[in-house]
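A.B. asks: Below is the structure I would like to discuss, written out as structure tokens.
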Amino acid sequence: MENSITFAIYSSGKYFRCIIKRPIDMKHLIIGGVAGGATAAARIRRADELAEIILFEKGKYISYANCGLPYYIGGTISDRNKLFVQTPAAFGKRFQVDVRVENEVTAIDPASKSVTVRRADGSTYTESYDKLLLSPGASPVRPPLPGIDLDGIFTLRNVTDTDRIKKYITDHRIERAVVVGAGFIGLEMAENLHQAGAQVAIVEMGNQVMAPVDFSIAAQVHAHLTQKGVSLYLEQAVEGFESQNGRINVRLKSGESLTADLVILSIGVRPETTLARAAGLQIGPAGGIQVNEYLQTSDPNIYAVGDAIEYPHPLTGKPYLNYLANPANRQGRIVADNMVFGHQTPYEGAIGTSIAKVFDLTVASTGLAAKRLRQMEIPYLSSTTHSSSHAGYYPDALPLTLKLTFDPQNGKLYGAQCVGYDGVDKRIDQIALLIKNGGTVYDLTQVEHTYAPPFSSAKDPIAIAGYTAVNILNGAMPVISWREVETAKAEGAFLLDVRTPAEFSFGSIPGAVNIPLDDLRERLNELPTDRPILIFCAVGLRGYLATRILLQRGFKQVRNLSGGYKTYSAAIAPIPKPQDTPASAPAAAGKPSETSRALRIDACGLQCPGPVMKLKQAMDQLQTGEQLEIQATDAGFARDAQAWCNTTGNHLLSLREERGKYTVVIEKGVKSCTPTSSCDGKGKTLILFSDDLDKALATFVLANGAAATGQKTTIFFTFWGLNVLKKQIKPHVQKDIFGRMFDKMLPSDSRKLHLSKMSMLGIGDRMMRHLMKRKGIDSLESLRQQALDNGVEFIACQMSMDVMGIQREELLDEVSVGGVATYMERAEQANVNLFV
């Protein structure tokens, strides 16, 4: 045979004959038969039919689906054989590769270009090479904790691990399982163990699951996990394990302990560099085998690929470890060409593109998240948008959240994260390609998407994310993140909620003033001109429109909350205590009646308060005892439906969630009043109508007493009671003639209040304050501050403020503004309501 490879290249209308010389009988040894190693072996054979190729694998199997292992354990993949892409015999025959399973390479001698191999029976031998490829992968972290070697504690990395876990589950009754570590494998195992019938708890040292994504994205995963009945123990560390009555006692450093029949350790992995270190190969600062752009190690005849190597990140240039199958397979293809033909194909590096299924939810990321950029002190901007997976009017449009990070100067894309139920993968894949090619946020707006209602919208979520990012970049929409809200409030920012009153009544950022977007232009005089204004709506769109209105009307310090109230509320929502976590789905209040009429309503694709509004309209059509089944895709609908039933006398019969679609069955009831006692643990509400000093004092004394017992307490300030909330030093605000008249006639702040009797032109007022001080009784202002410190909610009546010309910035910063619906909601939940 000729010692060359001949091929043709077509260029400029002509064919050119190319000849590449290659050595005869090159001998390639490959250590590791999964992903990169097997790919390289097959590629070498396609490139060089005459080469000798020996593939060493210390386990029994090669070329298997690591990522499918949890799904085989859980039963989603029922046939074990489907995990194997190739058997050793079939792979060896097809590609004429000498596949040696259960042969472990124990040493490399670069000087003699040979390796030492140990067989399964313990005997050893040596094998020489011309080129050597290392693909040893990574090994799971197994810390030296007390009791970690007990039966029933496993790591999951290969087929052998999988078989051991599967057998243990078959041989034992697994009622409770604990997964230590909330990475991708940990969450996949949690889902599959749950599917196998176990009650699952996840223990994670960090404050979130899925470390590659930002907290605001992970927060949606937290909510979904708890909805499925998984207990989350975040910011908890395992101290050790004990055997107890045939079970495993998992001891946490917090002092808590969990009982389990099975424990899965998913704490992480580290590059397998034992052979490389012993051979004197260069190990990089990140702890992986250091390779150059041709995947060559510090020894010119040894190459390396896969989980064991470190390579500069394309965006940062810093050493980077990447434990993903896609880059490993690509590296295997590239390294094969370089081993056969010389250094012709450089490796471009991996940006870290990953995806995971967490029950019904899909989470994916690519590039650099905001928290990594902060850690590396790289300036960045970010945007968060909420869209639907396809056109909202087409059935099963499910919510999709997309977060971008990008360069604040030129808009170069740094990363993207996406969470949703459908279409997550294709969005992240498109953005990943742009990032790897140096794309910007402007390129997102130019991607030409396929469009039909079942697949996307005319404005795809990627396009919407791009338009939003461009607006942030060019200053058309200054933004603030959910993390910055509390700081902005402390610095005196005015919180403007531009949602509808109905949306506002279901919850808002404390202290926010509700002015619906469509009313904003007529109510500009209610906004401060000397304070920053923080605008928010449900998802950010109406906030953007409001931002444009204010910026063009002369307001200077205006910012829109990125991702809106949906992102903020998800990020700050407390994770339920594990003992309060529902099992799979919230418990039903009863069973649907087979004889009752059921009206079915589709509210999918609607954002809050759309589903609740449709719920109310439909219930108004029903008679007592009839039922309504309503479906929605808004994640807050489950909570809102329960709250709505609690306050209207209707009965929530069932609530289930499947692939992001919430189905609620409600029976029409009759609202009735049930006597309550002080033991019922209900809240207390007080209405302060008066600005008399003595009545104000009594109100705060009662409020503080109620709050001291742990009861939720609210004071609703209306008409003259608003004077109790006025600041001593008030900013200058614009008022009409009636507002200025009220200012002249009313007390300027709480220090100017009079007694209801014996005021005597103010003499009695001063005498009362003097006597209180002498007798050690707190002043009105001190009692008011104590109430705030005790968590008493202050609500100022919006209508009263409008009538009396009082503007929000004149009142204490801790005060929220609401209407009658806000008060009635609090009153419904209270067993004491006082009018003062």
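The values are calculated or read from the model by the stated rules, or taken from the named source; none is laboratory data. Predicted, not measured: the structure shown is a model, and the values here were computed from it. Virtual Cβ from ideal backbone geometry, glycine too; neighbours counted across all protein chains shown. Ligands, DNA and RNA are stripped out before the accessible areas are found, and what is left, the full protein with its side chains, is counted by its heavy atoms. Shrake-Rupley method; radii C 1.70, N 1.55, O 1.52, S 1.80 Å.
A.B. asks: If you take the C-alpha gyration tensor of the chain, multiply each eigenvalue by 5 and take the square root, what semi-axes do you get, largest first, in whole Å?
C.D. replies: 62, 31, 26
A.B. asks: Normalising by the residue count of the stretch 398-467, find the relative contact order in percent from Cα pairs under 8 Å and 6+ residues apart.
C.D. replies: About 30 percent, as a whole number.
A.B. asks: Taking N as the number of residues in the stretch 109-205, what is its alpha-carbon radius of gyration divided by 2.2 N^0.38 Å?
C.D. replies: 1.52
A.B. asks: When the Cα atoms of the stretch 190-343 are enclosed in a convex hull and the volume is divided per residue, what value in Å³ results?
C.D. replies: 173
A.B. asks: Taking R0 as 51 Å, what's the FRET efficiency between Asn525 and Leu599 from their Cβ-Cβ distance, rounded to 0.05?
C.D. replies: 0.70
A.B. asks: State which entries of Lys60/Lys166; Lys616/Lys684; Lys228/Lys371 exceed 22 angstrom in Cα-Cα distance in the structure shown.
C.D. replies: In this structure, Lys616/Lys684; Lys228/Lys371 exceed 22 Å between Cα atoms.
A.B. asks: Quick one: what Rg and Dmax do you get for the stretch 329-403 from the alpha carbons, in Å?
C.D. replies: Final numbers for Rg and Dmax: 19.0, 56 Å.
A.B. asks: If you take every residue apart from Val117 with its C-beta less than 9 Å away from the C-beta of Val117, what net charge results, scoring Lys and Arg +1 and Asp and Glu -1?
C.D. replies: It works out to a net charge of +1.
A.B. asks: Now for a different question. Lys166 accessible area, nearest 10 Å², 1.4 Å probe?
C.D. replies: Lys166 exposes around 50 Å² with every protein chain in place.
A.B. asks: For the chain, calculate the relative contact order in percent as a whole number, restricting contacts to Cα pairs under 8 Å that are 6 or more residues apart.
C.D. replies: After rounding, I find 8 percent.
A.B. asks: Rg and Dmax in Å for the stretch 748-836, alpha carbons only: what are they?
C.D. replies: 15.8, 42
A.B. asks: Still on this structure: Mean projection of the alpha-carbon convex hull of the stretch 155-217 over all orientations, in nm²?
C.D. replies: The directionally averaged projection comes out at 4.7 nm².
A.B. asks: Can I ask one more? So for each of 353-362, 372-381, 758-767, 175-184 I average, over its residues, the number of other beta carbons within 10 Å; can you give me the resulting order with the highest mean first?
C.D. replies: 175-184, 353-362, 372-381, 758-767
A.B. asks: Please name which of Leu275, Tyr544, Asn66 has its Cα lying farthest along the dipole of the chain towards the positive end, using unit charges on Cβ (Lys, Arg +1; Asp, Glu -1) and the Cα centre as origin.
C.D. replies: Projecting each Cα onto the dipole axis, the largest value belongs to Tyr544.
A.B. asks: Beyond 25 Å between alpha-carbons counts as too far, so tell me which of Lys412/Lys661; Lys318/Lys459; Lys58/Lys82; Lys27/Lys436; Lys403/Lys661 fall in that bin.
C.D. replies: Exceeds cut-off: Lys412/Lys661; Lys318/Lys459; Lys27/Lys436.
A.B. asks: Ordering Lys113, Lys727, Lys82 by accessible area with a probe of 1.4 Å, largest first, what comes out?
C.D. replies: The most accessible residue leads, giving Lys82, Lys113, Lys727.
A.B. asks: So what is the calculated 222 nm ellipticity per residue for the chain, using -39500 (n - 2.57) for each DSSP H run with n of 4 or more, over all residues, to the nearest 500 deg cm²/dmol?
C.D. replies: Calculated mean residue ellipticity at 222 nm is -8500 deg cm²/dmol.
A.B. asks: Stick to Cα atoms and the Kirkwood definition of Rh, then tell me Rg/Rh for the stretch 387-511.
C.D. replies: Looking at the stretch 387-511, the ratio lands at 1.02.
A.B. asks: Packing-wise, with mean Cβ within 10 Å as the measure, how do 69-81, 123-135 rank, highest first?
C.D. replies: 123-135, 69-81
A.B. asks: Find, among the trypsin sites (Lys or Arg not before Pro) in the stretch 250-323, those assigned to loop by DSSP (not H, G, I, E, B) with at most 12 other beta-carbon atoms within 10 angstrom.
C.D. replies: Here the trypsin sites (Lys or Arg not before Pro) that fit, given the DSSP loop and packing criteria, are Lys253.
A.B. asks: Further question: Reachable aspartates and glutamates from Lys426, Cα under 18 Å, same-chain residues fewer than 8 places away excluded?
C.D. replies: By straight Cα distance, Lys426 reaches Asp360, Asp396, Asp443, Glu448, Asp460.
A.B. asks: For the stretch 469-548, state which GluC sites (Glu not before Pro) are in a DSSP loop and have at most 16 other beta carbons lying within 10 Å of their beta carbon.
C.D. replies: In loop regions of the stretch 469-548 (DSSP not H, G, I, E or B), the sparsely surrounded GluC sites (Glu not before Pro) are Glu491.
A.B. asks: Counting only heavy atoms of protein chains, what accessible area per residue, in Å², does the stretch 315-437 have with a probe of 1.4 Å?
C.D. replies: 37
A.B. asks: Net charge within 14 Å of Gly288 by Cβ-Cβ distance, Lys/Arg positive one each and Asp/Glu negative one each, not counting Gly288 itself?
C.D. replies: Result for the local shell: 0.
A.B. asks: For Asp749, enumerate residues with amide H under 5 Å from its amide H, sequence gap 5+ or separate chain, H modeled in the peptide plane.
C.D. replies: Close amide H contacts, sequence-distant or interchain: none at all.
A.B. asks: Right, next: Stokes-Einstein diffusion coefficient for the stretch 440-507 at 4 °C in a medium of 1.567 mPa s, Rh from the Kirkwood formula over Cα pairs: what value in µm²/s?
C.D. replies: Estimated via Stokes-Einstein, D reaches 86 µm²/s.
A.B. asks: With just the Cα atoms defining each centre, how far is the stretch 373-400 from the stretch 55-72? Give it in Å.
C.D. replies: The stretch 373-400 and the stretch 55-72 have Cα centres separated by 35 Å.
A.B. asks: Hey, what's the Kirkwood Rh for the stretch 23-133 if you take every pair of different alpha carbons, in angstrom?
C.D. replies: 14.9
A.B. asks: Can you give the net charge of the other residues whose Cβ lies under 13 Å from the Cβ of Gly475, counting K and R as +1 and D and E as -1?
C.D. replies: Here the charged neighbours net out to +3.
A.B. asks: Could I ask something else about it? Taking the convex hull of the alpha carbon atoms in the stretch 503-585, what volume per residue do you get, in Å³?
C.D. replies: So the per-residue hull volume is 120 Å³.
A.B. asks: Something else: Among the aspartates and glutamates, which have Cα under 14 Å from the Cα of Lys744 when same-chain residues fewer than 8 positions away are ignored?
C.D. replies: Partners within reach: Asp736.
A.B. asks: Taking a quarter of the surface of the convex hull around the Cα atoms of the stretch 433-580, what do you get in nm²?
C.D. replies: Computing the convex hull of the Cα atoms and averaging its projections yields 12.5 nm².
A.B. asks: Here is a follow-up. Could you name the aspartates and glutamates in cross-link range of Lys577, using Cα to Cα under 16 Å and dropping any fewer than eight places away on the same chain?
C.D. replies: Once the sequence-local aspartates and glutamates are set aside, what remains near Lys577 is Glu204, Glu235, Glu256.
A.B. asks: Contour minus end-to-end for Glu781 and Ala708, with contour as 0.36 nm per residue of separation and end-to-end as the Cα-Cα distance?
C.D. replies: Separation in residues times 0.36 nm, less the Cα-Cα distance, equals 24.5 nm.
A.B. asks: Moving on. Compute the length gained on full extension between Ala120 and Glu52: take 0.36 nm times their separation in residues and subtract their Cα-Cα distance, giving the result in nm to one decimal.
C.D. replies: 22.2 nm
A.B. asks: Starting from 0.36 nm per residue, how many nanometres of slack lie between Arg173 and Thr87 once their C-alpha separation is accounted for?
C.D. replies: Additional length available on full extension: 27.7 nm.
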